[in-house]
Amino acid sequence: MISEIREKLGQEIEALSHELNVTLPRAIAQAVELGDLRENSEYKSALERQQFVQARLGQLHQRLDSLTQLANAEAPLDRVGLGSTVTVLDLESGDQDTYSLVFAELMDVDAGHISLASPLGQALKDRSIGEEVALRLPHGTRKLRILELVTVHGRVEA
């Protein structure tokens with residue numbers, strides 16, 4: 001999971017770096033050739049885009065740097081945490097669902113990927129097999145029991 005996020009961030013960093021170092025300097029040079037820079041909208045637009053790209057690159061590098069520390073801090077050995085796949089039983093309906101807790105960047109509800117920061121992610125976080133959790137919803141409370149757990153470190157037995 002961490003490698004997927006690193007790859008995704010790396011691709012965006014690469015694309016923005018190319019834009020910052022190749023595309024934008026060309027656009028600025030072309031705008032300068034047009035003359036009076038005080039009333040040159042192409043020049044102003046290119047400079048604004050350059051500032052945005054620089055700021056976004058800073059954010060991406062910061063996210064990449066903190067990624068490993070965050071993953072290590074939030075990946076317990078025997079409890080639900082980042083990277084865990086957990087199967088739960090809805091105590092009211094009897095339905096079973098399986099979820100994988102991921103970073104927000106990889107969240108895909110249709111694939112069963114939920115963010116650790118989501119209400120369900122927060123309810124399941126730091127819980128173990130057999131524990132029951134109550135998830136407060138706008139129309140009531142959903143009670144779940146954790147049946148199976150696979151952390152990033154491997155399967156957990158009850």
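From the list L16, L20, L24, L57, pick out the single residue that is modelled with pLDDT of 85 or more, surrounded by 16 or more Cβ atoms within 10 Å (Cβ to Cβ), in contact with a Ser or Thr (Cβ under 8 Å, 6 or more places away or on another chain) and outside the structural domain of A104 (by TED's automatic domain parsing).
Going through L16, L20, L24, L57 in turn, the sole match is L57.
So for the range 78-93 (the condition being of a type outside the set (F, W, Y), at pLDDT below 85 and more than 15 Å from the chain's Cα centre (by Cα)), does at least one residue qualify?
Yes: the range 78-93 contains one or more residues that are of a type outside the set (F, W, Y), at pLDDT below 85 and more than 15 Å from the chain's Cα centre (by Cα).
So in the range 106-151, with the set limited to residues that are acidic (D, E) and within 21 Å of L77 (Cβ to Cβ), which one is surrounded by the most Cβ atoms within 10 Å (Cβ to Cβ)?
Per the stated criteria, the residue is E148.
For R145, indicate whether it is under 15 Å from T85 (Cα atoms) and outside any helix (DSSP H, G or I).
yes
Of the numbered conditions (1) at pLDDT 90 or above; (2) assigned to a loop (DSSP other than H, G, I, E, B), A158 satisfies every one except a single condition; which is it?
Against the list (1) at pLDDT 90 or above; (2) assigned to a loop (DSSP other than H, G, I, E, B), A158 comes up short only on (1).
Do any strands (runs of 3 or more DSSP E) entirely within the range 77-141 hold 1 or more residues that are over 23 Å from E4 (Cα atoms), and if so, which?
Where strands (runs of 3 or more DSSP E) fall fully within the range 77-141 and carry at least 1 residues being over 23 Å from E4 (Cα atoms), they are 85-90, 96-102, 132-137.
The values are calculated or read from the model by the stated rules, or taken from the named source; none is laboratory data. Since the model is a prediction, treat every value here as computed from it, not as a measurement. When we count neighbours, we look across all protein chains shown, and the Cβ atoms used for this are built from the backbone with ideal geometry, even at glycine.
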